[in-house]
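Novice: My questions will all concern the structure given below.
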Amino acid sequence: MAIVPEWSGVELRAFRVAARWSQADLAARLEVSERGIAKAEAAGSGHSLRPITQAMLDNLLRQAPSDVHARLVNLLTRDGETTYPVVADPEPDPVLGDHFVKHPRDGKLMVEVTAGIYLAGLEDEPRWEDTFWLDVHPVTGSDYARFVAATGHRAPEHWPDGRCPLDLYTHPVAQVTWNDACAYADWAGKILPTAAQWEKAARGPNGNIWPWGNEHTAAKCNVKETGLGTTSKVSRFQSGISPFYAYDMVGNVWEWTQTAATPRRRELKGGAWTSPLFTGRPSAFNDADATMHDNDTGFRCATVTPPSG
């Protein structure tokens, strides 16, 4: 799926042409005047759209069929032009069934984690967990950029001028506090997973030590031993997915959960690119102050009600 990090009159016109809409069609969808659309297209790259319009265009693009995305990319890259900021949205392999759905609010793919017994903690205690749905990928820079544009929420401090760098669009967002993660979840109509939900989704119904099985290897995730030295694209480590088809359940970034360790601290799961493999074992415990925001800490969301995609 194509993503436009910053909409100007150029991208606006290209999207309209790709979708085969008239200026009146697009104006009605954006709830603006047809004259406003014509003015923006005439001004081209010199016209900056309002944040709410940017967010509405993001939603329209996310809902558009694949042929519209293909035509948009072609229009923005014709004649060898490569300066337009259009990148690919990460998608898992298309072997999806009834257990997967795209959330209607933020468009992220979610997987159903079915009710049942799972093995919890280092002692492998049998515990019951009800059905819930979990984001297949961590929240990415592009996901968080849409949230910031729609709400005016504070952007991560390492984003220049409050805008997500293009090379981080498909990486997990970082430098977010627990409160930032909760704010995104509220906007998306979701919640943060509990530590128990997170562990079950990572280990699967058979209680694997690691998402990929019981083999102690750093080759299937982005941890310190992997040597990448930074975050990675959230769909990169396909061999390391969990039995419930969740990516990056070990490595890349630590992930906030809603579970309180103390009144001021929240549990973190999964390890990160900065930490050794053993720290990311899904059954292991880690926590941090809710105000902490590091370059190796992000999150994904969950819901206990079936998303209607």
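Novice: Antiparallel as a % of all DSSP beta bridges within the chain, to the nearest 5? Intermediate values should be presented prior to the final figure.
Specialist: Values: 27 of 30 bridges.
That works out to approximately 90 percent antiparallel.
Novice: Counting alpha carbon pairs within less than 8 Å and at least 6 residues apart, what relative contact order, in whole percent, applies to the chain?
Specialist: On the way: 628 pairs, mean separation 56.7, N = 309.
18 percent.
Novice: Compute the angle between helix 178-188 and the longest alpha-carbon principal axis of the chain, please, reported from 0 to 90 degrees and rounded to the nearest 10.
Specialist: 50
Novice: Quick one: if you stick a label point 7 Å off each Cα along the C-beta vector at residue 67 and residue 43, how many nm between them?
Specialist: 3.3
Novice: Please give the peptides 236-243, 134-141, 29-36, 192-199 ranked by average Cβ packing (other Cβ atoms within 10 Å per residue), highest first, as a rough proxy for protection.
Specialist: Averaged packing, sorted descending, gives the order 134-141, 192-199, 236-243, 29-36.
Novice: Roughly how big is segment 101-163's charge dipole about its Cα centre, with Cβ charges of +1 (Lys, Arg) and -1 (Asp, Glu), in debye to the nearest 20? Each step should come with its number before you reach the end.
Specialist: Values: 7 positive and 11 negative charges, 107 e Å.
Roughly 520 debye, rounded to the nearest 20.
Novice: With every protein chain left in place, what is the accessible area per residue of segment 195-309 in square angstrom, probe 1.4 Å?
Specialist: In whole numbers, segment 195-309 has 38 Å² accessible per residue.
Novice: Turning to a different aspect of this structure: For segment 206-309, compute the orientation-averaged projected area of the C-alpha convex hull (one quarter of its surface), in nm².
Specialist: Projected area, direction-averaged: 7.5 nm².
Novice: Ok, one more. Dipole of the chain, Cα-centred, from +1 at each Lys and Arg C-beta and -1 at each Asp and Glu C-beta, to the nearest 20 debye?
Specialist: For this selection, approximately 580 debye.
Novice: Another one. What does the charge add up to near residue 105, with Lys and Arg as +1, Asp and Glu as -1, over the other residues with Cβ less than 15 Å from its Cβ?
Specialist: Taking every Cβ under 15 Å from that of residue 105, the sum is +1.
Novice: Taking the Cα centre of segment 160-235 as the origin, how large is its charge dipole in debye, to the nearest 20, when only Lys and Arg (+1) and Asp and Glu (-1) carry charge on their Cβ atoms?
Specialist: Around 200 debye, computed over segment 160-235.
Novice: What is the local net charge at residue 162, summed over the other residues whose Cβ is closer than 13 Å to its Cβ (Lys, Arg +1; Asp, Glu -1)?
Specialist: -1
Novice: Related question: Report the extension gain between residue 28 and residue 125 in nm, rounded to one decimal, defined as 0.36 nm multiplied by the number of residues separating them, less their alpha carbon distance.
Specialist: Result for the pair: 29.3 nm of gain on full extension.
Novice: Name the long-range amide H neighbours of residue 194: under 5 Å, sequence gap of 5 or more, or other chain; modelled H, no Pro or chain starts.
Specialist: 258
Novice: Considering the options 14, 304, 244, tell which one lies farthest towards the positive end of the dipole of the chain, charges being +1 on Lys and Arg and -1 on Asp and Glu at the Cβ, about the Cα centre.
Specialist: Checking the options against the dipole of the chain, the answer is 14.
Novice: Does segment 112-188 come out rounded, prolate or oblate by the C-alpha gyration tensor, with a ≥ b ≥ c the root eigenvalues, rounded set by a/c under 1.5 and, if not, prolate when a/b is larger than b/c and oblate if not?
Specialist: Here segment 112-188 falls in the prolate category.
Novice: Given (1) -0.68, -1.09; (2) -0.51, -1.22; (3) -0.46, -1.03, which label gives log10 I(q)/I(0) by the Debye sum over Cα atoms at q = 0.09, 0.14 Å⁻¹ as computed from the coordinates?
Specialist: This structure yields the entry labelled (3).
Novice: Another question, then. Report in % the part of the accessible area of the chain that belongs to carbon and sulfur, leaving out ligands and nucleic acids; probe 1.4 Å.
Specialist: Exposed carbon and sulfur together represent 50 percent of the surface.
Novice: Pick out, from 128, 150, 218, the residue whose Cα sits farthest towards the positive end of the charge dipole of segment 91-250, with +1 on the Cβ of Lys and Arg and -1 on the Cβ of Asp and Glu.
Specialist: Checked the options; the winner is 150.
The values are calculated or read from the model by the stated rules, or taken from the named source; none is laboratory data. Just so it is clear, the structure is predicted and the values come from calculations on it, not from any experiment. Reconstructed Cβ throughout: ideal geometry from the backbone, glycine too, with neighbour counts over all protein chains shown. All accessible areas refer to the heavy atoms of the entire protein, side chains included, with ligands and DNA or RNA removed. Shrake-Rupley method; radii C 1.70, N 1.55, O 1.52, S 1.80 Å.
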